[in-house]
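Trainee: What follows is a structure written as structure tokens; I'll ask about it next.
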There are 2 protein chains.
Amino acid sequence: MIEIQKTENSRPYTEILNKIKSVSLRPTRQRLALGKLLFDDADRHVTAESLHEEAIAAGIKVSLATVYNTLNRFAAAGLLTEVVVAPGRSYYDTNITNHHHFFCEDNGTLEDIPGDAIKLASLPEPPLGTKVKRFDVVVRVEKD
Amino acid sequence: MIEIQKTENSRPYTEILNKIKSVSLRPTRQRLALGKLLFDDADRHVTAESLHEEAIAAGIKVSLATVYNTLNRFAAAGLLTEVVVAPGRSYYDTNITNHHHFFCEDNGTLEDIPGDAIKLASLPEPPLGTKVKRFDVVVRVEKD
DNA sequence: GTGATTGCAAATCTTTTGCACTAAA
DNA sequence: TTTAGTGCAAAAGATTTGCAATCAC
């Protein structure tokens, strides 16, 4: 029984329920709650650690291991994108459209750049035997 | 005494010696040997692990911790660039000019793209209170 | 019921660090 | 000699995994 679904805010949960079901994952209590945190607002950037803290603060009982597993499952299913900008820490982005990032190394903050805001004037041939999958632009900024 | 300097190939070692001295680092046996592996060829991409294996295979006695320390010192001194392309592993690049990368996730291979081969047609304003330091383009490719 | 998911703890992997020893200046 | 660098082993940080209990179907 998913008691949280009985509240007056049941519509968003239905959306998240459908989103999770649509990728053939079981809508468990933890996945629904994490999904609500992730997908209720647009363009969120989280780490496993930050999402876990947020969940605990919101009174959601979920282990860090499950947060890792959920982020990985969501990413593998295409619900999230993994963003690699800093060594030793993975960021997950709820924006799954083609886009890029500002990254502030001073405080580890990510901000989206719309895909159409950046155009490559040219691109050399990829290495022999390979084809281009996509490209990621990271614009590194610093506080001034 | 740096016995290896006595061989007939002493010229490259002089270059590496000077390179290391030029950034106020002590030219120890380990740094000279790692420097030779790194800088004798152009555009090398290594991880601490891969460079350590290479060194051991070449008969150089050096610990993994020292390889990490050396890569970090070299990078801090501007002799190397750290490249962030995959979660949980740091790559170091001997190309310190402005450039970008092809990255093949299938085998973890990096390949340089000259800086002038890529031009951004436009770039939105950076987040408030920040200024652009530089941008990195990673073109992700896959085997076909 | 059956198979997927959770949670915890233990394991793994990469990287850093403390400290006694060694080497460079 | 004075200070920096090395090596080992231990520690640290991020992430994954084994397994019994639990939950969705």
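The values are calculated or read from the model by the stated rules, or taken from the named source; none is laboratory data. Computed from a predicted model, the values in this text were never measured in an experiment. Glycine gets a Cβ as well: all are built from the backbone with ideal geometry, and neighbour counts include every protein chain shown.
Trainee: Can you tell me which residue among A:75, A:42 is part of a helix (DSSP H, G or I) and either within 14 Å of chain B (Cβ to nearest Cβ) or closer than 26 Å to residue A:116 by Cα (or both)?
Mentor: A:75
Trainee: Which count do you get for residues in segment A:85-118 that are in contact with a strand residue (DSSP E or B) (Cβ under 7 Å, 6 or more places away or on another chain), in a loop (DSSP other than H, G, I, E, B) and exposed (fewer than 14 other Cβ atoms within 10 Å of the Cβ)?
Mentor: Summing the residues that are in contact with a strand residue (DSSP E or B) (Cβ under 7 Å, 6 or more places away or on another chain), in a loop (DSSP other than H, G, I, E, B) and exposed (fewer than 14 other Cβ atoms within 10 Å of the Cβ) in segment A:85-118 gives 3.
Let's see how each residue does on (1) of a type in the set (Gly, Ala, Ser); (2) touching a helix residue (DSSP H, G or I) at 6+ places or on another chain (Cβ under 7 Å):
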{"residue": "B:94", "(1), (2)": "no, yes"}
{"residue": "B:97", "(1), (2)": "no, yes"}
{"residue": "B:106", "(1), (2)": "no, no"}
{"residue": "B:109", "(1), (2)": "no, no"}
{"residue": "B:114", "(1), (2)": "no, no"}
{"residue": "B:117", "(1), (2)": "yes, no"}
{"residue": "B:121", "(1), (2)": "yes, no"}
{"residue": "B:126", "(1), (2)": "no, no"}
{"residue": "B:129", "(1), (2)": "yes, no"}
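Trainee: Would you confirm whether or not segment B:120-129 contains a residue that is surrounded by 14 or more Cβ atoms within 10 Å (Cβ to Cβ), within 11 Å of chain A (Cβ to nearest Cβ) and assigned to a strand (DSSP E or B)?
Mentor: Yes; the residues of segment B:120-129 include at least one that is surrounded by 14 or more Cβ atoms within 10 Å (Cβ to Cβ), within 11 Å of chain A (Cβ to nearest Cβ) and assigned to a strand (DSSP E or B).
Trainee: In addition: Do we find that residue B:23 is more than 15 Å from DNA strand D (Cβ to nearest atom) and aliphatic (A, V, I, L, M) in this structure?
Mentor: No, not satisfied.
Trainee: What's the total number of residues in segment B:99-113 that are at pLDDT 95 or above and more than 7 Å from every other protein chain (Cβ to nearest Cβ)?
Mentor: Adding up the residues that qualify gives 6.
Trainee: Restricted to segment B:65-83, and to residues that are closer than 24 Å to residue B:111 by Cβ and either among the aliphatic types (A, V, I, L, M) or in contact with a Pro (Cβ under 6 Å, 6 or more places away or on another chain) (or both), which residue is farthest from DNA strand C (Cβ to nearest atom)?
Mentor: Among those that are closer than 24 Å to residue B:111 by Cβ and either among the aliphatic types (A, V, I, L, M) or in contact with a Pro (Cβ under 6 Å, 6 or more places away or on another chain) (or both), it is B:79.
Trainee: Next question. Looking only at segment A:45-58, decide whether some residue is on the phi > 0 side of the Ramachandran plot and either within 15 Å of DNA strand C (Cβ to nearest atom) or at pLDDT 95 or above (or both).
Mentor: no
Trainee: Can you list residue pairs whose Cβ atoms sit under 7 Å apart, with the first residue in segment B:18-44 being surrounded by 18 or more Cβ atoms within 10 Å (Cβ to Cβ) and the second being part of a loop (DSSP other than H, G, I, E, B) and among the charged types (D, E, K, R)? Count only pairs 6 or more apart in sequence or on different chains.
Mentor: B:38/B:44
Trainee: Give me the residue from segment B:50-60 that is farther than 18 Å from residue B:20 by Cβ and either within 12 Å of DNA strand D (Cβ to nearest atom) or within 14 Å of another protein chain (Cβ to nearest Cβ) (or both) and, out of that set, surrounded by the fewest Cβ atoms within 10 Å (Cβ to Cβ).
Mentor: Looking at the filtered set, the residue picked out is B:56.
Trainee: State yes or no: is residue A:88 on the phi > 0 side of the Ramachandran plot, free of Cβ contacts under 8 Å to residues at least 40 places away in the same chain and at the interface with chain B (Cβ under 9 Å from one of its Cβ atoms)?
Mentor: For residue A:88, the condition - on the phi > 0 side of the Ramachandran plot, free of Cβ contacts under 8 Å to residues at least 40 places away in the same chain and at the interface with chain B (Cβ under 9 Å from one of its Cβ atoms) - is met.
Trainee: So is residue A:122 away from DNA strand D (no atom under 16 Å from the Cβ), small (Gly, Ala, Ser) and out of contact with any Phe, Trp or Tyr (no Cβ under 9 Å at 6 or more places or on another chain) or not?
Mentor: Here the answer is yes, as residue A:122 does meet what is asked.
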